[in-house]
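Student: I have a structure here, written as structure tokens, and I will follow up with some questions on it.
The values are calculated or read from the model by the stated rules, or taken from the named source; none is laboratory data. As the structure is a prediction and not an experimental result, all values here were calculated from the model. Note: ideal-geometry Cβ built from the backbone for every residue, glycine included; neighbour counts use all protein chains shown.
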Number of protein chains: 2
Amino acid sequence: MKLTRSDIDGLNKRYRAHLINSLSGFKSATLIGTRSKDGCDNLGVFNSIVHIGANPPLLGFIMRPHTVERHTLENILNTGYFTFNHITAGIYKQAHWSSAKFDRAVSEFEAVGLSTAFSDVHDAPYVEESSVKIGLRFKQQIPISLNQTSLIIGEVIEIDIPEIALSDDGYLNLDQAGTLAIGALDGYYKSTKIARLAYARTEELPKEIDGN
Amino acid sequence: MKLTRSDIDGLNKRYRAHLINSLSGFKSATLIGTRSKDGCDNLGVFNSIVHIGANPPLLGFIMRPHTVERHTLENILNTGYFTFNHITAGIYKQAHWSSAKFDRAVSEFEAVGLSTAFSDVHDAPYVEESSVKIGLRFKQQIPISLNQTSLIIGEVIEIDIPEIALSDDGYLNLDQAGTLAIGALDGYYKSTKIARLAYARTEELPKEIDGN
């Protein structure tokens with residue numbers, strides 16, 4: 001089924017949002033935890049997490065211009081810290097609920113029934129129930145003038161991962177870690193590993209890598 | 001298992017690359033198709049596709065500074081067009097193979113055994129075997145000075161999707177479309193839908209949406 005740009009421009013707003021959000025394929029199912037300068041813990045679900053680089057370790061996400069998520073951005077800019085927490089099958093409904101427009105003074109952790117966890121390194125809250133927890137220090141907000149969104153980048157300052165899902169070479173099997181994927185805006189998916197493939201060389205089809 | 005930043009900085013390069021690339025969760029498994037100004041068709045596998053916005057329809061990806069992928073960027077800048085093609089279980093080994101350092105004059109399509117497909121709208125090649133094909137016009141390259149990568153953004157100008165996977169509200173079930181997910185650098189995953197969840201409201205836990 002083919003659609004041209006003028007077909008797309010003629011779609012109603014919600015239909016277009018579902019469709020275009022589907023096109024980028026599977027996305028990270030992540031809760032971002034922050035703390036306001038008043039000490040209120042904030043939680044929001046994000047699906048636009050992107051790997052920026054491994055050395056230094058940098059992760060980013062796209063921030064929309066006018067949404068409830070602005071609490072997240074305000075807190076990051078005010079405190080300098082935030083957390084990424086992978087969404088698992090046990091908490092995906094609570095995670096999705098955190099995207100509702102809760103009042104600024106309400107902790108989404110309490111509102112949706114998730115627990116905070118903290119470290120000695122920074123004050124941003126982790127989601128205790130998440131199997132993969134990542135602490136980040138804010139580095140840069142890069143404006144995207146095309147649509148008034150921005151790319152928010154942080155450097156990884158600590159991680160907490162399930163050792164059982166970790167391979168000898170640093171690869172984390174997200175299936176074993178219980179991490180879900182998101183499709184479009186509201187589809188939650190369980191993923192099963194087909195294979196890892198060896199570093200590609202021109203001479204031959206890549207072989208499968210044994211292990212996790 | 002907790003790692004601090006100094007633990008991370010002490011890891012060897014490949015281990016750190018696998019680990020940090022795992023942290024962003026599931027990622028889009030996408031082949032980017034381009035054509036050089038000399039008419040050579042280029043194909044590369046990318047896992048950093050990110051949704052930028054639905055209106056106008058904008059998608060982006062992170063371009064690394066020094067890799068074989070530079071052919072992709074050169075072609076995009078020279079011709080102004082590129083394609084995203086979802087990777088399915090039937091072609092993931094060929095897709096991964098396209099990341100090998102083939103010579104500039106070699107078409108990765110021919111080298112790995114995938115077929116080109118074209119439309120009337122632009123000259124960039126699609127992957128015939130992909131179930132979801134997206135044509136894009138280059139809009140902007142945004143440099144990320146932190147690590148010399150950049151965010152490449154294009155606007156969607158046409159799409160070709162499997163109608164059977166499309167819901168009444170524009171949601172595309174990526175499971176039914178056969179789209180795979182990538183974990184870290186080389187892990188390919190098949191995903192199964194758990195549920196779609198309704199738009200979140202503060203009053204109650206989001207309900208499941210019936211349908212695709």
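Student: Does B:ILE157 qualify as being more than 28 Å from A:GLN176 (Cβ to Cβ), at the interface with another protein chain (Cβ under 7 Å from one of its Cβ atoms), assigned to a strand (DSSP E or B) and under 19 Å from the mean Cα position of the chain (by Cα)? Spell out the reasoning first.
Tutor: Details: more than 28 Å from A:GLN176 (Cβ to Cβ): yes; at the interface with another protein chain (Cβ under 7 Å from one of its Cβ atoms): yes; assigned to a strand (DSSP E or B): yes; under 19 Å from the mean Cα position of the chain (by Cα): yes.
It is true that B:ILE157 is more than 28 Å from A:GLN176 (Cβ to Cβ), at the interface with another protein chain (Cβ under 7 Å from one of its Cβ atoms), assigned to a strand (DSSP E or B) and under 19 Å from the mean Cα position of the chain (by Cα).
Student: All but one of (1) more than 7 Å from every other protein chain (Cβ to nearest Cβ); (2) of a type in the set (Ser, Thr, Tyr); (3) over 29 Å from A:ALA100 (Cα atoms); (4) surrounded by 18 or more Cβ atoms within 10 Å (Cβ to Cβ) hold for B:SER167, so report the exception by its number.
Tutor: Against the list (1) more than 7 Å from every other protein chain (Cβ to nearest Cβ); (2) of a type in the set (Ser, Thr, Tyr); (3) over 29 Å from A:ALA100 (Cα atoms); (4) surrounded by 18 or more Cβ atoms within 10 Å (Cβ to Cβ), B:SER167 comes up short only on (3).
Student: Determine if the range B:21-39 includes at least one residue that is of a type in the set (A, V, I, L, M), at the interface with another protein chain (Cβ under 7 Å from one of its Cβ atoms) and touching a residue at least 24 places away in the same chain (Cβ under 8 Å).
Tutor: Yes, the range B:21-39 contains a residue that is of a type in the set (A, V, I, L, M), at the interface with another protein chain (Cβ under 7 Å from one of its Cβ atoms) and touching a residue at least 24 places away in the same chain (Cβ under 8 Å).
Student: Of the residues A:ASP169, A:ASP186, only one is more than 16 Å from the chain's Cα centre (by Cα), at pLDDT 95 or above and farther than 23 Å from A:ALA117 by Cα; which?
Tutor: Values: A:ASP186 fails: more than 16 Å from the chain's Cα centre (by Cα).
None of the others qualify; the one that does is A:ASP169.
Student: State whether the residues of the range A:12-35 include one that is touching a Phe, Trp or Tyr at 6+ places or on another chain (Cβ under 9 Å), among the aromatic types (Phe, Trp, Tyr), at negative phi and assigned to a strand (DSSP E or B).
Tutor: No, the range A:12-35 contains no residue that is touching a Phe, Trp or Tyr at 6+ places or on another chain (Cβ under 9 Å), among the aromatic types (Phe, Trp, Tyr), at negative phi and assigned to a strand (DSSP E or B).
Yes/no per residue for (1) within 11 Å of chain B (Cβ to nearest Cβ); (2) farther than 25 Å from A:ASP175 by Cα; (3) part of a loop (DSSP other than H, G, I, E, B):
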| position | (1), (2), (3) |
| --- | --- |
| A:ILE76 | no, yes, no |
| A:LYS101 | yes, yes, yes |
| A:ASP120 | yes, yes, yes |
| A:ALA124 | no, yes, yes |
| A:LYS139 | yes, yes, no |
| A:ASN147 | yes, yes, yes |
| A:LEU151 | yes, yes, no |
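Student: Look at B:ILE182 and say whether it is among the β-branched types (Val, Ile, Thr) and surrounded by 22 or more Cβ atoms within 10 Å (Cβ to Cβ).
Tutor: Taking the combined requirement at face value, the residue satisfies it.
Student: Please enumerate the residues belonging to the range A:84-99 that are assigned to a helix (DSSP H, G or I) and either over 14 Å from A:VAL45 (Cα atoms) or not basic (Lys, Arg) (or both). Let's see the steps before the verdict.
Tutor: Filtering the range A:84-99 for residues assigned to a helix (DSSP H, G or I) gives A:92-97.
Matches in the range A:84-99: A:TYR92, A:GLN94, A:ALA95, A:HIS96, A:TRP97.
Student: Also, I was wondering about something else. Looking at B:SER99, is it surrounded by 22 or more Cβ atoms within 10 Å (Cβ to Cβ) and under 19 Å from the mean Cα position of the chain (by Cα)? If you could, list the steps in order and put the result at the bottom.
Tutor: Numbers: surrounded by 22 or more Cβ atoms within 10 Å (Cβ to Cβ): yes; under 19 Å from the mean Cα position of the chain (by Cα): yes.
Yes: the conditions hold for B:SER99.
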